Structure formats: structure tokens, C-alpha cells
Amino acid sequence: MNSQTFSLLFITFLAITVTLRFWLASRHIRHILTHRDAVPAQFAEKIPLAAHQKAADYTVAKTKLGLVMLVVNTIALIGFTLLGGLQWLSMAVFHVTGAGMTYQIGLLAAFAFISGIIDLPFGYYAQFVLEEKFGFNKMTPALFVSDLIKSVLLGAAIGLPLAWVILTLMDKAGDLWWLYAWIVWSAFQLLMLVLYPTVIAPLFNKFTPLTDDTLRTRIENLMQRVGFASKELFVMDGSKRSAHGNAYFSGFGAAKRIVFFDTLLARLAPQEIEAVLAHELGHFKLKHIVKRIVVLFALSLGFLALLGYLKTQVWFYTGLGVEPMLGAGNDAMALILFALTLPVFTFVFAPLASISSRKHEFEADAFAAKYSSAPDLVAALVKLYEDNASTLTPDPLYSTFYDSHPPASIRINRLLATQ
């Protein structure tokens with residue numbers, strides 16, 4: 001393949017991806033607005049029209065913001081690649097650092113910094129305009145800045161050493177560097193499963209043991225029924241950032257813990273909380289987490305093998321507006337170009353991930369119905385749909401591409417059928 005052919009291929013897939021995403025978003029907006037003035041029949045007695053309309057308006061607002069982000073990110077992508085932005089950035093960093101690992105790390109850091117600057121206004125707008133408008137924002141500007149600083153420092157503390165290891169392997173480990181890099185990356189992911197709930201998450205939120213003895217007893221009885229061993233039951237102060245509620249299971253081995261948002265505990269009845277937790281435990285007992293990790297590791301191995309080939313091809317760089325650096329090394333540039341272009345070529349396969357995820361959700365729902373109560377889970381879901389302003393009428397095709405969970409009506413009908 002030559003550079004012109006690859007440039008044309010990239011432009012073609014970019015046009016297809018952007019057009020498809022615009023078309024899907026437009027369908028989604030039209031579908032939601034068409035059904036805005038009537039609550040779906042199966043929810044009519046449970047969700048007020050005002051709440052349904054709020055969910056429609058909230059979803060439309062988020063989708064429109066997503067379209068603006070798509071335009072900006074597409075312009076940035078073209079600017080970085082075909083218009084020579086990465087080439088300019090590479091030369092600017094090289095003039096400061098010279099050749100070697102300092103240049104490689106500097107290029108990654110400079111690219112990450114610029115990307116963060118591009119994304120920052122959207123994050124601020126989403127939190128303090130969109131979420132504020134619909135009554136979900138509980139975060140202060142000071143907390144926003146604090147989170148941002150922590151995220152940057154944490155990203156540097158974790159990301160830079162990992163990048164150094166990967167770049168060293170790319171440079172020194174020969175033709176099979178991608179295999180060794182995959183081993184390192186996989187070990188890092190497993191380590192994060194242990195460190196995130198116990199070390200990283202507490203940097204951003206406060207986790208306190210569940211003190212409601214009645215609820216704790218109910219939950220411990222559920223865990224005993226399903227054969228799940230964990231004494232780690234925590235309440236997270238999610239309300240300091242958002243009015244959204246959730247519960248989740250995290251960790252691995254001895255680091256396993258069950259976490260409830262304080263907003264969820266305030267909204268749901270004890271039996272409904274039990275049903276939600278039964279669903280989350282279903283993911284664990286049915287080995288969904290392990291299956292997802294296996295798929296993730298398999299995909300990452302394939303992608304790293306592909307990168308191992310691409311990084312040796314001159315057309316991969318020149319076709320994306322970059323002249324390879326003969327003396328300074330191209331490994332960091334290869335990583336950046338691969339990260340930028342991979343979503344362009346893989347977006348059309350998004351429904352495959354959605355199908356797999358939805359299958360797991362249905363299975364976890366069935367598990368919850370078996371070990372808890374289907375009506376209680378339905379009642380909890382309806383409350384969560386209302387409280388989180390989740391639309392009850394997504395466009396089916398849009399949902400197939402973007403939603404990891406089944407649409408509300410399909411999910412609840414499936415649950416009710418288990419009774």
C-alpha cells in the first residue's frame with residue numbers, strides 16, 4: 001500500500017463514520033421528539049408526563065452536544081493528521097528535547113495536553129450548563145478544578161511510567177515487542193482492578209461502610225444465597241457531584257467491594273436495592289466480568305499485533321501527514337496515529353459490542369429475578385429511569401450502536417415474563 005491509497009482509505013472511512021454518526025443522532029433526536037408528548041403505555045401509570053418530557057429534552061440536549069463534539073473532534077483529527085498538526089508538534093518537541101526517550105515521552109505528553117485542552121470546555125459545559133439545567137449538577141467549580149488536577153497528576157503518575165515501558169519494548173524487544181507489550185498492558189489492567197477501588201477511587205470520593213443494619217442484613221442474606229463472599233459494603237458520596245444514582249461491584253480477589261451511591265439509597269426501598277444488587281452480583285456469578293476481560297485482552301492482542309506491523313510501514317505515517325523521524329524514533333508517533341485512527345475504522349462494528357453487552361444484561365436480570373424479585377427490580381429500574389432522566393423511547397438503531405443496556409420497554413417486558 002502507498003501513502004496516497006492509505007490517505008484515501010482513511011478519508012473514506014472517516015466520511016462514512018462521521019456521516020453514520022450524524023445520521024444516527026438525527027434519527028435519535030427525531031424519534032424522541034416524536035414520542036415526547038406521550039408516556040409509553042406500559043409506563044403510563046408509573047412515570048408522569050413531565051418526567052418523561054424532561055428525559056426527552058435531556059437526551060436531546062446530550063445528543064446535540066455530542067454532535068458539536070463530533071464536529072470539533074473531527075476537525076481536530078484532520079488537523080492533527082492530514083493537515084500536518086502532528087508533524088508540527090513532533091518537530092516542536094524535537095527542537096526542545098532532541099532525540100531519544102525524552103522526545104518520545106514529550107510527544108505523548110504534548111499530544112495528551114492539547115487533546116485535554118480541546119475536551120475541557122465540553123466537560124465544563126456538560127457539567128455546569130447541561131447537567132445544571134436539568135437539575136443534576138451538584139458539583140462546585142472548585143471541585144471541578146480539584147478533580148481535574150487530581151486526574152492530570154494521576155494520569156501522569158500512572159501513564160508516563162507505563163508509556164516508558166511500552167516505548168522501551170517497542171524500541172528494544174525486536175519484532176515481537178507487541179507480544180511483550182501486551183503482557184505488560186494486561187498485567188497493568190489486572191493491577192488496576194485491585195488498585196482502583198482501594199486506592200484511586202477514594203482520591204475522588206468518600207467511601208463509608210454501610211451503617212443501615214437492616215439493609216446490611218438483607219444484603220448479606222442475598223450474598224449468602226448466591227454464594228458471593230464479600231464484607232466490603234460501602235456508600236459513596238455521589239451526591240457531591242451529581243443527583244444521578246447507581247450501584248456497582250468493583251475489584252478483584254480480596255479487593256472486591258460493593259458500592260452504593262448515597263443518592264440511590266435515598267431513593268429506593270430496601271427490597272429494590274436488593275434487586276439492583278442481585279443484578280450486579282449476577283454479572284459476577286455468571287462470569288460476565290471475566291468474559292469481558294478475556295475479550296478485551298484478545299482484542300488488545302490483535303490490535304497490538306496490527307500496530308507492530310503498521311509502525312514499520314512508511315505509508316502509515318506519510319498517509320496521515322507525518323514524515324517519519326529517522327534519527328529520533330517513531331514509536332510514540334505510531335501510538336498516537338494508531339489511537340487516532342482506530343475508532344475511524346472500527347465504529348461500524350459497534351453493534352457487535354452492544355449485542356454482547358445486552359445479552360449479559362438480560363442474563364443478569366434473569367439472575368436477579370431468580371435470587372431476588374423481578375417486580376422489585378422492575379420497580380427499581382422505573383425509578384432509576386425517572387430519576388436519571390433516561391429516555392424510554394430511544395431510536396432502536398441508535399440504541400443498537402451506542403447503548404450497552406437494552407431499551408427500557410424491552411428489558412422490563414423480559415423481566416416481567418420471568419414471573
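Hey, can you tell me all the residues within the stretch 45-66 that are over 18 Å from Asp387 (Cβ atoms) and exposed (fewer than 15 other Cβ atoms within 10 Å of the Cβ)?
Of all residues in the stretch 45-66, those over 18 Å from Asp387 (Cβ atoms) come to 60, 63-66.
Once the filter is applied, which keeps residues that are over 18 Å from Asp387 (Cβ atoms) and exposed (fewer than 15 other Cβ atoms within 10 Å of the Cβ), the stretch 45-66 yields only Lys64.
All of (1) among the aliphatic types (A, V, I, L, M); (2) under 29 Å from Ala332 (Cα atoms); (3) without any contact (Cβ under 8 Å) to a residue 40 or more places away in the chain hold for Ala44 with one exception: (2).
Answer with yes or no whether Thr102 is in contact with a helix residue (DSSP H, G or I) (Cβ under 7 Å, 6 or more places away or on another chain) and of a type in the set (S, T, N, Q). Taking the combined requirement at face value, the residue does not satisfy it.
Within the stretch 83-93, is there a residue that is free of Cβ contacts under 8 Å to residues at least 40 places away in the same chain and more than 22 Å from Gly155 (Cβ to Cβ)? Scanning the stretch 83-93 turns up at least one residue that is free of Cβ contacts under 8 Å to residues at least 40 places away in the same chain and more than 22 Å from Gly155 (Cβ to Cβ).
Somewhere in the stretch 4-13, is a residue out of contact with any Gly (no Cβ under 7 Å at 6 or more places or on another chain), of a type in the set (Phe, Trp, Tyr) and under 16 Å from Ser390 (Cα atoms)? There is no residue in the stretch 4-13 that is out of contact with any Gly (no Cβ under 7 Å at 6 or more places or on another chain), of a type in the set (Phe, Trp, Tyr) and under 16 Å from Ser390 (Cα atoms). Being within 25 Å of the chain's Cα centre (by Cα), crowded, with 19+ Cβ neighbours inside 10 Å and not in a helix (DSSP H, G or I) narrows it down to one residue among Ala368, Ala332, Ala364, Ala389; which is it? So the residue among Ala368, Ala332, Ala364, Ala389 that is within 25 Å of the chain's Cα centre (by Cα), crowded, with 19+ Cβ neighbours inside 10 Å and not in a helix (DSSP H, G or I) is Ala389. Taking the stretch 67-94 as the range and being closer than 16 Å to Asp119 by Cβ, touching a Gly at 6+ places or on another chain (Cβ under 9 Å) and crowded, with 19+ Cβ neighbours inside 10 Å as the test, only Phe80 passes.
Is one or more of the residues making up the stretch 173-188 of a type in the set (S, T, N, Q) and either assigned by TED's automatic domain parsing to the domain that holds Ala332 or exposed (fewer than 14 other Cβ atoms within 10 Å of the Cβ) (or both)? Full working, then the answer.
Filtering the stretch 173-188 for residues of a type in the set (S, T, N, Q) gives 186.
In the following step, the residues that additionally are either assigned by TED's automatic domain parsing to the domain that holds Ala332 or exposed (fewer than 14 other Cβ atoms within 10 Å of the Cβ) (or both) were identified as none.
No, the conditions are met nowhere in the stretch 173-188.
Only one of the listed residues (Ala99, Ala112) is in the same structural domain as Pro161 (by TED's automatic domain parsing), within 23 Å of Asp171 (Cβ to Cβ), touching a residue at least 12 places away in the same chain (Cβ under 8 Å) and not in a helix (DSSP H, G or I). That residue is Ala99.
The test for being without any contact (Cβ under 8 Å) to a residue 12 or more places away in the chain and under 30 Å from Leu265 (Cα atoms) does not hold for Ser239. With respect to Tyr180, determine if the residue is in contact with a strand residue (DSSP E or B) (Cβ under 7 Å, 6 or more places away or on another chain), within 30 Å of Gly308 (Cβ to Cβ) and either in a helix (DSSP H, G or I) or among the polar types (S, T, N, Q) (or both). Taking the combined requirement at face value, the residue does not satisfy it.
From the list Arg257, Arg267, which residue is touching a Pro at 6+ places or on another chain (Cβ under 9 Å) and not assigned by TED's automatic domain parsing to the domain that holds Asn73?
Going through Arg257, Arg267 in turn, just one is touching a Pro at 6+ places or on another chain (Cβ under 9 Å) and not assigned by TED's automatic domain parsing to the domain that holds Asn73: Arg257.
Which helices (runs of 4 or more DSSP H) sit wholly inside the stretch 200-287 and have at least 3 residues that are out of contact with any Asp or Glu (no Cβ under 6 Å at 6 or more places or on another chain), surrounded by 19 or more Cβ atoms within 10 Å (Cβ to Cβ) and aromatic (Phe, Trp, Tyr)?
none
The values are calculated or read from the model by the stated rules, or taken from the named source; none is laboratory data. Predicted, not measured: the structure shown is a model, and the values here were computed from it. Cβ sites come from the backbone with ideal geometry, for glycine too, and all protein chains shown count toward neighbours.
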